[in-house]
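Take a look at the structure set out below.
The values are calculated or read from the model by the stated rules, or taken from the named source; none is laboratory data. Because the structure is a prediction, the values reported are computed rather than measured. Quick reminder, even Gly has a Cβ in these numbers, built from the backbone with ideal geometry, and neighbours come from all protein chains shown.
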Amino acid sequence: MLDQSAVGRVFHALGVHDAFVAKSESMGEYVARDGSGRLLTSSPMPTSVGRYGHLGLIPRSDLLDMLSSTLGDVDVRSGVSVDTLTQTPDQVDIGLDDGARETFDLVVGADGIHSRVRDLLFGRIPDRDTGWGCYVWWADRGLVAGQETTERWGAGSFLGTYPCREKVCVILGAPLDVLEPDRPEGRTDRLGALLRPYGVPVGDFLADLPGDAETLFLWRMADVRAPQWVQGRVALVGDAAAAFLPTAGIGASMALESAAVLADELSRTDTAYVSNALDLYERRRRTRVEAAQTQSRRLARLMFIRSPTLARLRDRALKLASIEQMVGPLIKDLREPI
């Protein structure tokens with residue numbers, strides 16, 4: 001899901017901002033509860049956020065469809081990935097895993113947290129693993145009232161419900177030694193045991209789980225930070241450069257901002273000076289992106305707690321925090337140029 005207003009500037013430039021507003025669900029209210037379902041804080045989103053753009057939640061599939069509509073006659077090939085990469089001062093030669101070979105003026109690696117392009121440039125960089133994971137699935141929209149985003153923070157588990165226009169994204173997190181690899185046998189019993197302490201209607205939450213022939217997605221909570229983003233005529237963008245934990249809900253926004261800055265720098269050069277344009281792109285983006293990634297890591301330390309004592313301390317602090325304080329880092333980001 002994308003849930004940041006930070007990319008409104010990018011969407012305006014692409015001509016898809018109205019489509020984003022139409023397809024997304026406004027984030028109207030934030031609610032936090034403890035591990036037993038007791039209310040910790042509840043507040044409408046501050047009006048100060050709205051002055052910077054639309055804050056809404058949109059499924060990733062809708063986001064991709066929306067962005068794809070801007071491609072025109074761009075050559076898009078699916079189901080292939082980079083196998084080899086060599087470059088000279090003038091070009092980059094790519095070998096694809098289907099046996100094809102291509103030559104380009106530059107290559108942009110936007111191939112995710114397990115980026116093959118990054119591996120070819122800098123070698124294998126270990127993930128920074130939190131030891132936690134999340135199961136993610138879609139549930140009926142009636143599960144959530146209005147535009148209420150609710151996060152329930154327990155000791156040793158986490159439950160979030162994020163409404164979109166026609167459905168609700170459910171994210172259920174716990175340490176990986178609790179979230180064993182998914183299998184259909186006993187799935188509802190295992191998930192029900194994690195949901196029950198929160199006091200939610202377990203049957204409603206689990207009613208739309210994937211069928212026995214499908215696997216429930218287990219999202220390992222890990223990130224990665226590339227040692228550098230650019231080498232010669234090759235650049236990294238998005239999760240390939242700095243992958244995000246979902247705790248701040250800002251990873252996709254940072255990736256789209258970076259893509260916009262990269263396009264801006266490339267529009268100011270020609271093939272002879274591509275390397276310089278890529279260096280300028282990294283200089284413009286790296287500090288902002290890594291600061292946001294660090295913020296996501298800090299939030300993870302607050303959310304991914306197993307100790308009941310530490311969880312109680314966190315909950316007390318959350319009760320005292322205003323919504324303005326909670327969204328303070330977001331406001332700070334929105335005030336900065338990209």
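Some observations on this one:
- Looking across PRO210, PRO197, one residue alone is of a type outside the set (D, E, K, R) and part of a helix (DSSP H, G or I). It is PRO197.
- Contact map, segment 178-193: first residue of a type in the set (Val, Ile, Thr), second residue surrounded by 12 or more Cβ atoms within 10 Å (Cβ to Cβ) and at pLDDT 80 or above, Cβ cut-off under 6 Å, separation 6 or more or different chains; pairs are THR188/LEU206.
- Helices (runs of 4 or more DSSP H) (entirely within segment 268-338) containing at least 3 residues that are of a type outside the set (Gly, Ala, Ser) and surrounded by 18 or more Cβ atoms within 10 Å (Cβ to Cβ): 274-303, 328-335
Condition check ((1) of a type in the set (Ser, Thr, Tyr); (2) touching a residue at least 40 places away in the same chain (Cβ under 8 Å); (3) more than 27 Å from ARG316 (Cβ to Cβ); (4) in contact with a Leu (Cβ under 9 Å, 6 or more places away or on another chain)) across all residues:
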| residue | (1), (2), (3), (4) |
| --- | --- |
| ILE125 | no, yes, yes, no |
| GLY131 | no, yes, no, yes |
| CYS134 | no, yes, no, yes |
| TRP138 | no, yes, yes, no |
| ARG141 | no, no, yes, no |
| ALA145 | no, no, no, no |
| GLU151 | no, yes, no, yes |
| ALA155 | no, yes, no, yes |
| TYR162 | yes, yes, no, yes |
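Residue-by-condition table, conditions (1) at pLDDT 95 or above; (2) surrounded by 14 or more Cβ atoms within 10 Å (Cβ to Cβ); (3) of a type in the set (A, V, I, L, M, F, W, C); (4) over 20 Å from LEU209 (Cα atoms):
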{"residue": "ASP105", "(1), (2), (3), (4)": "yes, no, no, yes"}
{"residue": "ASP119", "(1), (2), (3), (4)": "yes, yes, no, yes"}
{"residue": "PHE122", "(1), (2), (3), (4)": "yes, yes, yes, yes"}
{"residue": "GLY146", "(1), (2), (3), (4)": "no, no, no, yes"}
{"residue": "TRP153", "(1), (2), (3), (4)": "no, yes, yes, yes"}
{"residue": "TYR162", "(1), (2), (3), (4)": "no, yes, no, no"}
{"residue": "ASP177", "(1), (2), (3), (4)": "no, no, no, yes"}
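- Screening the candidates GLY203, GLY192, GLY146, GLY160 for the property of being at positive phi and either in the same structural domain as SER24 (by TED's automatic domain parsing) or not aliphatic (A, V, I, L, M) (or both) yields one hit, GLY146.
- Number of positions in segment 213-262 that are assigned to a helix (DSSP H, G or I) and not polar (S, T, N, Q): 15
- Looking across segment 33-48, just one residue is surrounded by 14 or more Cβ atoms within 10 Å (Cβ to Cβ), of a type in the set (Gly, Ala, Ser) and part of a strand (DSSP E or B), and that is SER43.
- Qualifying residue in segment 85-96 (condition: free of Cβ contacts under 8 Å to residues at least 12 places away in the same chain and farther than 26 Å from THR269 by Cα): no
- The set of residues in segment 88-101 being outside any loop (DSSP other than H, G, I, E, B) and surrounded by 12 or more Cβ atoms within 10 Å (Cβ to Cβ) consists of VAL92, ASP93, ILE94, GLY95, LEU96.
- Only one of the listed residues (LEU71, LEU120, LEU85) is outside the structural domain of GLU180 (by TED's automatic domain parsing), at negative phi and in a strand (DSSP E or B). That residue is LEU85.
- Residue check, VAL170 closer than 23 Å to GLY249 by Cβ and either assigned to a loop (DSSP other than H, G, I, E, B) or of a type in the set (Gly, Ala, Ser) (or both): no
- Taking the numbered list (1) touching a residue at least 24 places away in the same chain (Cβ under 8 Å); (2) of a type in the set (A, V, I, L, M, F, W, C); (3) within 18 Å of LEU106 (Cβ to Cβ) in turn, ALA272 passes all entries but (1).
- Considering GLN295, GLN325, the condition of being under 22 Å from ARG51 (Cβ atoms), in contact with a helix residue (DSSP H, G or I) (Cβ under 6 Å, 6 or more places away or on another chain) and of a type in the set (S, T, N, Q) is satisfied by GLN295 alone.
- Of the residues making up segment 50-61, those that are surrounded by 19 or more Cβ atoms within 10 Å (Cβ to Cβ) and either outside the structural domain of PHE20 (by TED's automatic domain parsing) or not in a loop (DSSP other than H, G, I, E, B) (or both) are GLY56, LEU57, ILE58.
- In segment 200-238, the residues that are surrounded by 14 or more Cβ atoms within 10 Å (Cβ to Cβ), at pLDDT below 95 and either under 30 Å from TYR273 (Cα atoms) or of a type in the set (S, T, N, Q) (or both): none
- Once segment 249-267 is narrowed to residues that are out of contact with any helix residue (DSSP H, G or I) (no Cβ under 6 Å at 6 or more places or on another chain), in contact (Cβ under 8 Å) with a residue 24 or more places away in the chain and of a type in the set (A, V, I, L, M, F, W, C), the residue that is farthest from ALA235 (Cα to Cα) is ALA252.
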